[in-house]
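Only one structure is covered here, and it is reproduced in the block below.
The values are calculated or read from the model by the stated rules, or taken from the named source; none is laboratory data. Everything numeric here is computed off the predicted structure, so don't read it as measured data. Using ideal geometry, Cβ is built from the backbone for each residue, glycine included, and neighbour counts are taken over all protein chains shown. Each accessible area value is taken on the protein alone, full model and side chains, heavy atoms only, with ligands, DNA and RNA left out. Shrake-Rupley method; radii C 1.70, N 1.55, O 1.52, S 1.80 Å.
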Amino acid sequence: MLLTRYVLSFLIFLFPSILLSENYKLPNDQWRIISLPSIPPAGENTVEKVFGDDILGQYGTDWIMYGFDTQTNSYGEALKPNDPVEHGRGYWITQITGHPVTLKMPSGSTEATEKYSLQLASVAGGNSTQWTLSGNPFSSSLNLGELSLKTDSGACSSTPCNLDKAETEKLLHNQVWVYRENGYVPKDTQSTLNAWDGFWMASLGKSEGRAL
C-alpha cells in the first residue's frame, strides 16, 4: 500500500529556504520518535552523517537510535553509526549529554516532491493489525486529512481513499500515534503532524496481500 500526500507545488518552489530551515530540539534523557524532514545529500544519509555533528558525545553511550523492522515486528539491535537513515520512516532516538540538543539536516538536503509516497506494511499470517513506524517526510506541517491510500488491488486501487474511507474498508486505521513526553498521543484526520514527527500507523485485516 502507498500512503500519499499532495501538496501545492508553489510552496516548495517559492519558499525552499523557509521550509528547510526548521530544526528539532531533542531534550536530554527522553525518548522521541523522529523522522527526516528532508532528503540528505547522497552519501550523507547515515546515522553519523545526519546527527553526529549535532549531538556531541559517543554514539552508543551518549546517544542512540533504533528502527522498527516490519518483517520481524521488532526493534532488534540499535542502529550502527554507518547505517542509513531512510526518508519517510520513523526512528526512536535519545541522548544523555546533560542538555537539550538541536538537530538539523545536513547542508544540501532537499525537500520532498509535491507527491510523496510512504510505503506501509500490510497484514500477514492471519494477524488483525500490522504496525509501521513512519514519519512526516516534509519540513512543513502535515494535515492528516491530506493523506490518501492507494492499494494494488481491491478497494482504494483505482481511486485512492482518504483515511476515513481506508478504515471503513478495513485497510488502514484513520488515526496515527505520535510519542510525546507523557506517552502516546493519537492524531485523527483533523489533526496536524509537525515536521520531524515520526508516528505509528496500523494496517488492518483486509490489507493482507495488498502491499506495493
For this session: Within region 123-147, track down each residue that is under 24 Å from Pro186 (Cα atoms) and open to solvent by 20 Å² or more (accessible area, probe 1.4 Å).
Result: Asn127, Ser128, Thr129, Trp131, Ser140, Ser141, Asn143, Gly145, Glu146
For this session: Specify the residue that is surrounded by the most Cβ atoms within 10 Å (Cβ to Cβ); the eligible residues are those in region 163-187 that are of a type outside the set (A, V, I, L, M) and in contact with a helix residue (DSSP H, G or I) (Cβ under 7 Å, 6 or more places away or on another chain).
Result: Asn174
Problem set entry | strands (runs of 3 or more DSSP E) wholly inside region 52-104 containing at least 3 residues that are touching a helix residue (DSSP H, G or I) at 6+ places or on another chain (Cβ under 8 Å) and aliphatic (A, V, I, L, M) | none
For this session: Looking only at region 67-76, decide whether some residue is more than 17 Å from Tyr24 (Cβ to Cβ), surrounded by 15 or more Cβ atoms within 10 Å (Cβ to Cβ) and at pLDDT 95 or above.
Result: yes
